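The values are calculated or read from the model by the stated rules, or taken from the named source; none is laboratory data. Note that the structure is predicted; figures quoted are calculated from it, not measured. In this analysis, Cβ positions are derived from the backbone assuming ideal geometry, glycine residues included, and neighbour counts consider all displayed protein chains. The area values use the complete protein model at the heavy-atom level, side chains included, leaving out ligands, DNA and RNA. Shrake-Rupley method; radii C 1.70, N 1.55, O 1.52, S 1.80 Å.
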Amino acid sequence: ILKAPDVGDFFFEDRSLEFHSRFVFDAEYVIMPRFFMKATLKPEKEHQYIEEHDNIYPEVTAGLREAGVVSLYIWKDGLSLFMLIEMREGTDLSVFGEGSEYRRSSPRVIEWEDKMKSDFHGGWTQIKEIHSSDDW
């Protein structure tokens, strides 16, 4: 178990394709599903992709929070993009699908998601966890 300052004990738990974080608060566990994704960035769009995310639409961030996203991180290595999403307990990636409440929350959400997929990459692919330090 790794000690994280100000949040208690922190560890990962394998749940199929999900990663979970557990935070201990007064002997209660809060489980947050975690999802790791990958995509390939179009070469001519690297700088613009970063600029777009530096100026993400407020409707998108509000929609993501409402859908259950606690935190979202994107890393870039060359043209490879990697995204980690941590979500509220009881939620999963189905909240983002076509026709979802997230997509219906604002026309700007649809605009953003369509632009990211068509202009910058072909969409995200979920990566399966194959090892966890819980096994140590």
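What the table below lists for this structure:
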{"quantity": "With all protein chains modelled, accessible area of Phe35 [1.4 Å, Å²]", "calculated": "10"}
{"quantity": "Heavy-atom accessible area ranking, 1.4 Å probe, most first, across Glu44, Glu59", "calculated": "Glu44, Glu59"}
{"quantity": "Alpha-carbon centroid distance for the pair segment 41-103 / segment 112-136, whole angstrom", "calculated": "10"}
{"quantity": "Where His47, His53 fall by accessible area, highest first, once all protein chains stay in place (1.4 Å)", "calculated": "His47, His53"}
{"quantity": "Charge dipole (debye, nearest 20) of segment 34-73; +1 at Cβ of Lys and Arg, -1 at Cβ of Asp and Glu", "calculated": "300"}
{"quantity": "Around Tyr102: net Lys/Arg minus Asp/Glu count, Cβ-Cβ under 15 Å", "calculated": "-2"}
{"quantity": "Prolate/oblate/rounded call for segment 28-115, Cα gyration tensor, a/c under 1.5 rounded", "calculated": "oblate"}
{"quantity": "Stretchable slack from His53 to Ser106, in nm (0.36 nm times residue separation minus alpha-carbon distance)", "calculated": "17.3 nm"}
{"quantity": "Per-residue HN-Hα couplings for segment 78-86 [Karplus 6.51, -1.76, 1.60; θ = phi - 60°; Hz; x = Gly/Pro]", "calculated": "x, 9, 8, 10, 10, 10, 10, 10, 10"}
{"quantity": "Signed unit charges on C-beta, dipole axis of segment 34-127, positive-most listed residue Tyr73, Asn55, Ser94", "calculated": "Ser94"}
{"quantity": "Residue-by-residue Karplus 3J(HN,Hα) for segment 113-121, coefficients 6.51, -1.76, 1.60, Hz, glycine and proline x", "calculated": "4, 5, 5, 4, 6, 7, 8, 10, 7"}
{"quantity": "Label-to-label distance, nm, for residues given as Thr125 and Arg65 (7 Å Cα→Cβ offset)", "calculated": "3.4"}
{"quantity": "Most to least accessible of His131, His121 (protein chains only, probe 1.4 Å)", "calculated": "His131, His121"}
